[in-house]
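The values are calculated or read from the model by the stated rules, or taken from the named source; none is laboratory data. Predicted model, so just to flag it, every value in this text is computed and none were measured. Positions of Cβ are backbone-derived with ideal geometry, glycine not excepted, and every protein chain shown enters the neighbour counts.
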């Protein structure tokens, strides 16, 4: 799996799903360190890309999100704030379940059979590299042994981000959900948490192990790469963001399952939603709105016009 695919998955990952199970383990992951000066120095104002799909009685604003962000990025302003104020419904990839429900779902979808262990599935060299990474973060080697490789990959990919002040609490969806609640605005999901987890759980084992191996290899540079992605997102540089997230020469199963097929489904949802009057603020991971096979590409296949607003 190419580094650019890993960046797309981190940008749109279900990283929040990993935290409840990590928290309940008897040996919890280390607490996040204070944000670095680089993160704290992020410019206050941001203008991420915003699109609009509309007909005579329906408007759908399409906004790309980053699920984990550092503090200090003021993206809710200008056209984004206006579009949200005009909308009567918020739609995101999922509507978050409570922690107990998420823990139950993760345990149901991410556990290995009783006769298997994660480290037992890994080739000798991959196991050594994996255990070395766990040691670097003071995580006992047994912590993920009962879980499938995809789960360990998602959880591990968040660790350097947490240390640098990135958090789901600062993520776009969390902030939008809070604003929707304050307005008593309906919040709907394109998918369910169980469906998203099922996508990862359904990946072939060789793809899962490849995903974990790539995370282990690229962990030292994930933060720097994601910082560059956040900067492109913050400035609305859709072309640069697409370049950072280019999926050519990536694992085709991973890309098809987690990106392209879902983009097709969401473009179909947009087409169907245009048949009903109203104004919708649709916010999905920025990884779905850049590069080949994006939601915009899928809308073009349906001859649905999309306008860039910001």
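Odds and ends about this structure:
- Members of region 50-81 found to be in a helix (DSSP H, G or I), in contact (Cβ under 8 Å) with a residue 60 or more places away in the chain and surrounded by fewer than 18 Cβ atoms within 10 Å (Cβ to Cβ), listed by number: 78, 79
- Residues of region 224-242 that turn out to be in contact (Cβ under 8 Å) with a residue 24 or more places away in the chain and either in a helix (DSSP H, G or I) or under 23 Å from residue 154 (Cα atoms) (or both), as a count: 10
- All helices (runs of 4 or more DSSP H) inside region 92-175 with 2 or more residues being within 24 Å of the chain's Cα centre (by Cα): 99-110, 124-136, 149-163
Per-residue answers, yes or no, for (1) in contact with a helix residue (DSSP H, G or I) (Cβ under 7 Å, 6 or more places away or on another chain); (2) at pLDDT 85 or above; (3) outside any helix (DSSP H, G or I):
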| position | (1), (2), (3) |
| --- | --- |
| 218 | yes, yes, no |
| 222 | yes, no, no |
| 248 | no, no, yes |
| 254 | yes, no, no |
| 264 | yes, yes, no |
| 290 | yes, no, yes |
| 298 | yes, yes, no |
| 305 | no, yes, yes |
| 310 | yes, yes, yes |
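- Just one of the numbered conditions (1) modelled with pLDDT of 85 or more; (2) within 15 Å of the chain's Cα centre (by Cα); (3) closer than 24 Å to residue 82 by Cα; (4) in a helix (DSSP H, G or I) is not true of residue 269: (2).
- Residue selected from region 226-245 under the condition at pLDDT below 85 and more than 13 Å from residue 69 (Cα to Cα), by the criterion surrounded by the fewest Cβ atoms within 10 Å (Cβ to Cβ): 239
- Qualifying residue in region 108-125 (condition: surrounded by fewer than 22 Cβ atoms within 10 Å (Cβ to Cβ) and in contact with a strand residue (DSSP E or B) (Cβ under 9 Å, 6 or more places away or on another chain)): yes
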